[in-house]
Every structure is written in structure tokens, then in C-alpha cells.
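> Before I ask anything, here is the structure I am working with.
The values are calculated or read from the model by the stated rules, or taken from the named source; none is laboratory data. Just so we're clear, the structure is a prediction, and the values are computed from it rather than from any experiment. Note: ideal-geometry Cβ built from the backbone for every residue, glycine included; neighbour counts use all protein chains shown.
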Amino acid sequence: MKFTINRNQFIKKISNVQRAISTKTTIPILTGIKLELSQEGLTITGSDVDISIQTFISVSDADNELHIENTGAIVLPARFFNEIIKKLPGEQFTLNVVENNQTIIKSGKTEFTINGLDANSYPRLPEVESNEKLSISAEMLRQLVDETVFSASKQENRPILTGLHLKISAEKLLGVATDSHRLAQRIVKVNNQSDNDYDIVVPARSLKELEHCLIEDNSEIKISISENQILFEFQNTLFYSRLLEGNYPGTDRLIPTSSDTQLTFDAKSLLQSVERASLLSHASRNNVVRLAIDVNASKVTLYGNSPEVGTVEENLTTEALSGADLEISFNPDYLKEALQAFGDTKIEVEFTSALHPFTLKPSDNKENFIQLITPVRTF
Amino acid sequence: MEQKDYYAKFEELQQSSQDLTRKLIEMKDIISHILEENAEFKIENDHLRQRLAEIDNDKTTPQLPEARRTLEKLYEEGFHVCTVMYGAHRENKEECAFCLDVIYGERGV
């Protein structure tokens with residue numbers, strides 16, 4: 001196997017593949033990056049079993065300056081390979097596999113000889129039948145991930161809650177993440193030409209990595225789903241992720257259908273108030289802030305306190321206020337993260353009682369985006 | 001003889017460690033007895049309070065059914081009562097939306 005390629009183009013193309021490669025893997029060959037050269041171009045693969053990313057550099061794209069002398073395949077230690085390519089002096093480099101998987105990388109006046117591994121011992125990628133019928137715009141997918149995934153559990157003791165629950169029926173994709181303390185649910189539009197409905201749980205980590213891969217992408221992303229894998233296809237790249245096994249708990253009934261107290265806030269200014277109150281609540285042991293709503297006086301007050309440091313009290317500016325008086329306590333960090341997901345918009349906050357979870361929805365998109373926070377009992 | 005001295009020393013140490021162990025066992029027994037008694041008193045106190053509430057009959061707030069009250073008590077002691085993680089310890093007593101739904105939620109009969 002021997003080829004010459006433009007170095008900068010190569011670095012750009014392998015940066016996504018690098019995301020899948022972990023140094024902490026139990027299978028030594030997975031610390032490597034697999035290069036496979038055919039007459040059509042170069043296929044690069046990285047994997048950590050959970051996530052596998054494969055990208056293709058086409059010989060027909062002139063920018064790549066890819067010249068193939070002879071085809072073949074090799075696995076090279078990813079960390080060193082990456083560093084070496086980045087530091088090479090020339091604009092191009094030549095990679096040549098000689099005997100015993102030894103690989104010579106040449107650029108300008110520099111020549112590295114690297115011990116590679118036999119590409120035949122690299123695990124095969126999962127097989128997912130490519131489906132032409134399901135796709136979503138990169139922007140929608142980014143929004144969905146951005147606005148829900150932070151609510152997924154970070155604790156491994158309940159594996160199913162570390163994923164994002166995705167339900168696709170007709171043209172509607174519903175994503176839910178919860179760690180049982182808070183919940184985020186977002187509905188976006190997908191392009192679904194098939195009659196199939198799907199109900200799957202994708203690891204939150206996979207989606208975060210996928211989101212990084214899509215940062216500058218505005219194309220349509222094809223989605224294929226098999227029994228235990230999901231495949232996203234975009235721009236010469238294949239992104240595979242394992243699905244989580246097990247049934248996701250029913251979350252529909254957690255979301256209250258009616259409310260007794262309704263408030264409308266500007267999300268940004270509420271976020272600032274909560275951040276101030278949490279300065280002191282963080283210093284106390286239980287990290288709780290208290291919200292007191294007096295409807296007749298149209299006064300909403302946020303209290304934070306730390307027995308050692310002191311107290312804070314702030315009258316919040318509301319856009320609208322109705323319903324019954326209420327006093328409720330909650331963890332300000334959950335509210336903070338929820339508000340960050342809303343960005344700069346008006347939000348409606350609805351309470352049922354001091355014991356029941358309360359909901360937050362953006363005024364302009366009430367149907368499709370809802371977040372839920374469980375209060376803290378303080379008696 | 002030096003060696004004999006050591007032997008006597010060992011004998012002495014063994015004796016005192018045996019004494020200590022015996023005392024520890026005694027103390028442990030007493031503690032567990034007290035804890036048991038304490039738990040009994042708590043339950044009895046609860047019953048008495050309930051009885052008192054019944055007699056006073058001035059409770060205007062709607063009471064949860066007995067089964068849910070038991071679950072609520074378990075939850076307050078720091079255990080999950082939801083189907084997702086029933087019986088697991090609630091870390092840092094963090095609230096759980098699933099449990100709250102089980103205890104307070106409306107459930108179709």
C-alpha cells in the first residue's frame with residue numbers, strides 16, 4: 001500500500017475519526033486507526049466498540065491531491081500517527097507500507113518508520129442495512145441533542161437513563177432524556193418515507209460526539225436503524241453507535257397536564273437571577289433555593305442561603321403571573337441548565353404544588369419543547 | 001530468663017484482648033437492643049399519633065391511602081419506590097420524578 005496526499009486535507013478528514021478512538025480500550029488494536037486504500041480512495045476507520053466512525057477520502061476530489069500507487073490496508077497507532085502527521089514539514093506526505101506492517105511516512109526531508117498492525121485483525125464494523133427513507137437536517141439534530149442530552153443521567157448504575165430515548169412515528173421525532181431529577185423532551189421533524197415507527201435509546205455520549213462531528217454541517221443526515229445499532233451518514237462519513245438495551249421507563253405520565261400557578265419569564269434574566277442565588281446555595285450542604293410566589297401582590301421572590309456564608313433575596317421580574325400562591329424549593333443547577341438550553345426567549349413556568357414537578361416551556365414553541373424539574377421537599 | 005518474660009507478657013496481652021472483645025460484644029448487644037426498642041417506640045408513636053388524629057378528626061387535608069403512605073415513608077427514609085429503581089438508595093436524598101409520580105400521581109384504577 002502506498003499513497004501521497006495533501007497533509008492539511010488529511011488532518012481535516014481524520015479529525016472526526018479520531019473522536020471514536022479511545023486510549024482506554026480493552027482491545028489493544030482499537031487504539032489504532034485503520035487505513036484502507038482502494039482504487040477509489042482511502043477509507044479511514046476508528047472505533048471504541050460503542051462508537052465507530054468511518055470516513056472516505058475520494059481520489060476524484062482534486063483538493064485531496066490523493067495519488068495511489070498500490071492498494072492495501074494497515075492499522076497504525078492513532079495517537080502517534082496523529083501527532084506525526086500534524087508535525088510533518090511538507091504540504092504533502094507519502095505513506096508506504098513495507099514488509100512486516102512497517103510503515104514509512106515521508107514528508108519533505110523527514111522520514112518516520114512506524115510499526116503498524118495487521119489490518120485483518122481489526123474488528124469488523126457493525127452491519128446496519130442502509131436505509132434511504134429516514135433523514136433529518138443537521139441543524140435539527142444538533143438542536144435536539146443540545147436541548148435534551150444534558151438531562152441524561154451521568155451515573156452508570158442505571159444504564160438505560162444514560163441514553164436519549166428516541167421515538168419516531170411518521171414525520172415526528174421525539175427525544176427524551178431524564179436522570180429522574182429533571183427531564184427534557186423535544187419534538188423535531190424528520191423526513192420519514194417508510195411506514196416504520198422506531199423506539200430506541202441511544203447513549204448520550206454517542207450523540208455528544210456526533211454533535212461535535214456536525215458542527216459546521218448543514219446537510220441532510222441519513223439515519224438507518226438496526227436491532228442494536230444506529231447509523232448516521234453525512235459527507236462521506238459513517239457514524240455508528242451502539243443502542244442501549246432495555247426498556248426506557250414511561251415518561252409521558254411524569255409531565256403534568258394541568259397547573260395551578262403560571263409564570264412567564266424572560267429566560268435570560270431568570271438565568272442570571274438563579275446564578276446569583278446559587279452562589280450561596282452552592283456553599284450550603286443541600287444546594288437548594290426557595291421560590292415564593294404571592295399572586296395578589298404580584299411578587300415572586302427567590303431566596304438562597306448558606307448557614308455559614310449568608311443569605312440572598314431577589315424579587316424576580318415576571319412577564320405574567322396567575323393562579324395560586326406557592327412556595328417551592330429546588331436545586332438551582334437543574335434550573336440553570338434548563339434555562340441555558342432555552343437560550344434567549346420567553347418561557348412559561350407552570351407549577352402544580354410544592355411536591356409535584358414543575359414544567360418550563362418556551363412561549364413560542366410550547367408543543368415541541370418541554371423541561372421538567374423535580375422540587376426538593378423541605379420539611 | 002528473657003524468653004519466659006515474653007511468654008508471660010503474651011499471656012497478659014491475650015487476657016486483656018479477650019476482655020476487650022467480651023466487653024465489645026456486650027456493648028454491641030446493648031446497642032442493638034436499644035435500637036430495637038427505639039424502632040418499636042417510633043412505630044408505636046406513629047400509631048398513637050394516627051389514633052390521636054382520628055380522634056381529633058380535624059385533619060382537613062386529604063390523606064393519602066395507606067399503601068401510598070407506606071411508600072411515602074420509604075421514600076422519605078431515602079429509598080426509591082419507583083419501578084425504575086425500586087429499593088435503590090437515593091443518593092444525597094435527591095428527589096426522583098418517577099417516585100413522586102408513584103406516590104402522588106393520579107393513577108387510573
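> What number of residues within region A:25-69 satisfy the criterion of being closer than 15 Å to A:K12 by Cβ, part of a strand (DSSP E or B) and of a type in the set (S, T, N, Q)?
The qualifying residues number 2.
> Now for a separate question. Counting only residues that are free of Cβ contacts under 8 Å to residues at least 12 places away in the same chain and within 14 Å of chain B (Cβ to nearest Cβ), which one in region A:232-280 is farthest from the chain's Cα centre (by Cα)?
Start the filter on region A:232-280 by keeping residues that are free of Cβ contacts under 8 Å to residues at least 12 places away in the same chain, which leaves A:250, A:252-253, A:257, A:272.
From the residues that got through so far, the ones that are within 14 Å of chain B (Cβ to nearest Cβ) too are A:250, A:252-253, A:257.
Details: A:G250: 22, A:D252: 22, A:R253: 25, A:T257: 29 Å.
Ranking the qualifying residues of region A:232-280, first place goes to A:T257.
> Have a look at A:A354, A:A297, A:A338, A:A283 and point out the one that is within 14 Å of chain B (Cβ to nearest Cβ) and without any contact (Cβ under 8 Å) to a residue 40 or more places away in the chain.
Result of the check over A:A354, A:A297, A:A338, A:A283: A:A354.
> While we're here: Does A:Q185 fit the bill of being within 14 Å of chain B (Cβ to nearest Cβ) and surrounded by fewer than 23 Cβ atoms within 10 Å (Cβ to Cβ)? Talk me through it step by step, then tell me what you get.
Values: within 14 Å of chain B (Cβ to nearest Cβ): yes; surrounded by fewer than 23 Cβ atoms within 10 Å (Cβ to Cβ): no.
For A:Q185, the condition - within 14 Å of chain B (Cβ to nearest Cβ) and surrounded by fewer than 23 Cβ atoms within 10 Å (Cβ to Cβ) - is not met.
> I need the full set of residues from region B:85-108 which are at the interface with chain A (Cβ under 7 Å from one of its Cβ atoms), out of contact with any Ser or Thr (no Cβ under 7 Å at 6 or more places or on another chain) and in a loop (DSSP other than H, G, I, E, B), in order please.
B:M85, B:E94, B:G105
To keep it simple, each residue is scored yes or no on (1) in contact (Cβ under 8 Å) with a residue 24 or more places away in the chain; (2) in contact with a strand residue (DSSP E or B) (Cβ under 9 Å, 6 or more places away or on another chain); (3) within 26 Å of A:L360 (Cβ to Cβ).
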residue	(1), (2), (3)
A:G90	yes, yes, no
A:E111	no, yes, no
A:I114	yes, yes, no
A:A119	yes, yes, no
A:E132	yes, yes, no
A:Q143	yes, yes, yes
A:G163	yes, yes, yes
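> Would you check if A:L335 is under 13 Å from A:L271 (Cβ atoms) and crowded, with 16+ Cβ neighbours inside 10 Å? Before you say what the answer is, go through the steps one by one.
Numbers: under 13 Å from A:L271 (Cβ atoms): yes; crowded, with 16+ Cβ neighbours inside 10 Å: yes.
Yes: the conditions hold for A:L335.
> Look through A:L316, A:L360, A:L372, A:L302 and report the one residue that is in contact (Cβ under 8 Å) with a residue 40 or more places away in the chain, out of contact with any Pro (no Cβ under 6 Å at 6 or more places or on another chain) and either within 26 Å of B:E76 (Cα to Cα) or assigned by TED's automatic domain parsing to the domain that holds A:D266 (or both). Full working, then the answer.
Numbers: A:L360 fails: in contact (Cβ under 8 Å) with a residue 40 or more places away in the chain; A:L372 fails: out of contact with any Pro (no Cβ under 6 Å at 6 or more places or on another chain); A:L302 fails: in contact (Cβ under 8 Å) with a residue 40 or more places away in the chain.
A:L316 is the lone residue from the list that is in contact (Cβ under 8 Å) with a residue 40 or more places away in the chain, out of contact with any Pro (no Cβ under 6 Å at 6 or more places or on another chain) and either within 26 Å of B:E76 (Cα to Cα) or assigned by TED's automatic domain parsing to the domain that holds A:D266 (or both).
> Which of (1) assigned by TED's automatic domain parsing to the domain that holds A:C213; (2) surrounded by fewer than 16 Cβ atoms within 10 Å (Cβ to Cβ) is the odd one out, the single condition A:L144 does not satisfy?
(2)
> Among the residues of region A:70-77, is there at least one that is outside any strand (DSSP E or B) and within 26 Å of A:N236 (Cα to Cα)?
Looking only at region A:70-77, we keep the residues that are outside any strand (DSSP E or B), and these are A:71.
Pick out the ones that are also within 26 Å of A:N236 (Cα to Cα) and you get A:71.
Within region A:70-77, one or more residues are outside any strand (DSSP E or B) and within 26 Å of A:N236 (Cα to Cα).
> Considering only region A:300-318, state which residues are under 26 Å from A:T264 (Cβ atoms) and either loosely packed, with under 14 Cβ neighbours inside 10 Å or acidic (D, E) (or both).
As a first pass, look at region A:300-318 and keep what is under 26 Å from A:T264 (Cβ atoms): A:300-304, A:312-318.
Once the filter is applied, which keeps residues that are under 26 Å from A:T264 (Cβ atoms) and either loosely packed, with under 14 Cβ neighbours inside 10 Å or acidic (D, E) (or both), region A:300-318 yields A:E313, A:E314, A:N315, A:T317.
> Suppose we keep only residues that are touching a strand residue (DSSP E or B) at 6+ places or on another chain (Cβ under 8 Å) and surrounded by 16 or more Cβ atoms within 10 Å (Cβ to Cβ) within region B:64-95. Which one would you say is modelled with the lowest pLDDT?
Within region B:64-95, the match that is modelled with the lowest pLDDT is B:R90.
> If I filter region A:7-33 down to residues being within 16 Å of A:C213 (Cα to Cα) and free of Cβ contacts under 8 Å to residues at least 12 places away in the same chain, which single residue comes out as nearest to the chain's Cα centre (by Cα)?
Ranking the qualifying residues of region A:7-33, first place goes to A:S15.
> Condition test on A:A292, is it assigned to a loop (DSSP other than H, G, I, E, B), away from chain B (no Cβ under 14 Å), among the aliphatic types (A, V, I, L, M) and more than 34 Å from the chain's Cα centre (by Cα)?
Judged against the criteria, A:A292 is not a match.
> Counting only residues that are within 11 Å of another protein chain (Cβ to nearest Cβ) and surrounded by 15 or more Cβ atoms within 10 Å (Cβ to Cβ), which one in region A:152-180 is nearest to A:N247 (Cα to Cα)? If you could, list the steps in order and put the result at the bottom.
Our first condition is that a residue be within 11 Å of another protein chain (Cβ to nearest Cβ); within region A:152-180, this holds for A:153, A:155, A:157-158, A:160-161, A:178-180.
Among the residues that remain, those that are also surrounded by 15 or more Cβ atoms within 10 Å (Cβ to Cβ) are: A:153, A:158, A:160-161, A:178-180.
Values: A:S153: 15, A:R158: 12, A:I160: 7, A:L161: 10, A:T178: 14, A:D179: 15, A:S180: 15 Å.
Restricting to residues being within 11 Å of another protein chain (Cβ to nearest Cβ) and surrounded by 15 or more Cβ atoms within 10 Å (Cβ to Cβ), the top hit is A:I160.
> Now for a separate question. I want to confirm something. Restricting to region A:341-351 and keeping residues that are assigned to a strand (DSSP E or B) and more than 14 Å from chain B (Cβ to nearest Cβ), which single residue is surrounded by the fewest Cβ atoms within 10 Å (Cβ to Cβ)?
The residue in question is A:K346.
> Let me ask something additional. Just to be sure, is A:S329 under 26 Å from A:Q143 (Cβ atoms) and among the small types (G, A, S)?
When the stated conditions are applied, A:S329 does not pass them.
> Okay, next question. Which residues, counting only those in region A:233-252, are surrounded by fewer than 17 Cβ atoms within 10 Å (Cβ to Cβ) and in contact with a helix residue (DSSP H, G or I) (Cβ under 6 Å, 6 or more places away or on another chain)?
Residue satisfying the conditions is A:G246 alone.
> Residues in region A:320-332: is at least one at negative phi, under 25 Å from the mean Cα position of the chain (by Cα) and in the same structural domain as A:L270 (by TED's automatic domain parsing)?
The answer is yes, given that some residue of region A:320-332 is at negative phi, under 25 Å from the mean Cα position of the chain (by Cα) and in the same structural domain as A:L270 (by TED's automatic domain parsing).
> I want to confirm something. Restricting to region A:357-376 and keeping residues that are at the interface with another protein chain (Cβ under 8 Å from one of its Cβ atoms) and either touching a helix residue (DSSP H, G or I) at 6+ places or on another chain (Cβ under 8 Å) or more than 23 Å from A:D294 (Cβ to Cβ) (or both), which single residue is surrounded by the fewest Cβ atoms within 10 Å (Cβ to Cβ)? Can you show your working first?
Step one: list which residues in region A:357-376 are at the interface with another protein chain (Cβ under 8 Å from one of its Cβ atoms), which gives A:357, A:372, A:374-376.
After this cut, where a residue has to be either touching a helix residue (DSSP H, G or I) at 6+ places or on another chain (Cβ under 8 Å) or more than 23 Å from A:D294 (Cβ to Cβ) (or both) as well, the list is A:357, A:372, A:374.
Details: A:P357: 24, A:L372: 26, A:T374: 26.
Among those that are at the interface with another protein chain (Cβ under 8 Å from one of its Cβ atoms) and either touching a helix residue (DSSP H, G or I) at 6+ places or on another chain (Cβ under 8 Å) or more than 23 Å from A:D294 (Cβ to Cβ) (or both), it is A:P357.
Matching residues to (1) free of Cβ contacts under 8 Å to residues at least 60 places away in the same chain; (2) farther than 30 Å from A:D252 by Cβ; (3) over 19 Å from the mean Cα position of the chain (by Cα):
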| site | (1), (2), (3) |
| --- | --- |
| B:S32 | yes, yes, no |
| B:F41 | yes, yes, no |
| B:D46 | yes, yes, no |
| B:I55 | yes, yes, yes |
| B:P65 | yes, no, yes |
| B:K73 | yes, no, no |
| B:F98 | yes, no, yes |
